[in-house]
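The values are calculated or read from the model by the stated rules, or taken from the named source; none is laboratory data. Fair warning: this is a prediction, and the values are worked out from it, not measured in the lab. With ideal geometry, Cβ positions are generated from the backbone for all residues, glycine too; neighbour counts draw on all protein chains shown.
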Amino acid sequence: MLIDFLGIQKNASFNGVEIDGLLEFCHWFMLILFVGWGCFFVYTLWRFHRSRQPKAEYFGVRNHVSTHLEFSVILIEGMLLLGFAIPLWSGRVYSPKDASVHVRGIAQQFGWNFHYPGPDGVFGRRDPKLISSNNPIGLDPNDPAGKDDLVASNEMHTPVGQTIVIDLTSKDVIHNYALPSMRVAQDAIPGTMVPVWFKPMTPGEYEIVCGQLCGSGHGLMRGMLVVDSAEDYKAWLDERAKLKAGAASIEKPKAAVAAVR
Ligand SMILES: [Cu+2]
């Protein structure tokens with residue numbers, strides 16, 4: 001395949017198959033155009049060299065071959081746009097109804113926080129005033145919906161073969177959630193919540209990078225997407241829930257001691 005030769009990361013998602021198909025087609029089309037117009041250019045250099053054409057020709061081309069060629073190119077480009085690119089784009093911008101995993105991605109200088117709603121499937125309330133080093137997304141501890149929520153930093157897990165929706169936002173400046181192996185890239189903009197979806201095809205670890213120059217640590221703003229089997233994903237969620245329960249039980253005695261003092 002041509003795009004393998006160009007060094008693009010290998011696709012690991014179902015949604016990426018169609019995107020790669022269009023990329024492949026466009027690159028072949030551009031290669032054919034490049035070679036075609038390149039040959040034409042070399043031909044004109046040879047044909048209109050001063051030894052063959054000592055006097056300038058003021059009337060130019062008299063037949064309509066170039067006009068037909070131009071219209072053919074416009075037609076193919078129009079077909080590419082209307083027949084392939086716009087349908088593909090419209091499929092990317094809707095939020096799928098069959099999503100089995102719904103996550104929130106909260107970007108910050110310079111890292112990623114992933115917020116899972118927990119077994120109840122409801123995201124707990126967040127308040128920017130509650131943000132601290134222990135509570136990077138400002139989750140409200142008094143909201144019952146947030147009791148079972150899980151927050152992971154720079155590590156996102158998903159089950160393989162399921163549709164994943166991630167709502168993106170940012171705590172500070174504009175970042176970009178770029179996941180080349182899933183053929184996903186979406187800006188994370190403060191004050192908005194923008195959904196993006198993908199469907200992982202192959203288990204493994206994939207790099208999440210920031211695709212928007214966001215400050216001095218931009219190059220270090222990397223996360224990891226781990227695509228697990230269904231069992232491994234459940235085990236990871238259970239492990240995170242246990243870690244959260246453990247951290248809460250450490251926090252409580254501390255608070256009690258502080259209250260006594
Ligand atoms: Cu960034």
All conditions in (1) within 16 Å of the ligand (Cβ to nearest atom); (2) outside any loop (DSSP other than H, G, I, E, B); (3) in contact with a Ser or Thr (Cβ under 9 Å, 6 or more places away or on another chain) are true of V165 except (1)
Residue check, F123 more than 16 Å from the ligand (Cβ to nearest atom) and assigned to a helix (DSSP H, G or I)
no
Restricting to the range 188-211, name every residue that is under 10 Å from the mean Cα position of the chain (by Cα) and either surrounded by fewer than 21 Cβ atoms within 10 Å (Cβ to Cβ) or away from the ligand (no atom under 16 Å from the Cβ) (or both).
W197, F198, V209, G211
With the checklist (1) of a type outside the set (K, R); (2) part of a strand (DSSP E or B); (3) modelled with pLDDT under 95 in hand, flag the one item T158 doesn't pass.
(3)
On the given criteria, is A178 among the small types (G, A, S), in contact with a Gly (Cβ under 8 Å, 6 or more places away or on another chain), at pLDDT 95 or above and within 16 Å of the ligand (Cβ to nearest atom)?
yes
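Yes or no, residue by residue, for (1) out of contact with any strand residue (DSSP E or B) (no Cβ under 9 Å at 6 or more places or on another chain); (2) among the hydrophobic types (A, V, I, L, M, F, W, C):
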residue: M201; (1), (2): no, yes
residue: Y206; (1), (2): no, no
residue: L220; (1), (2): no, yes
residue: S229; (1), (2): no, no
residue: D238; (1), (2): yes, no
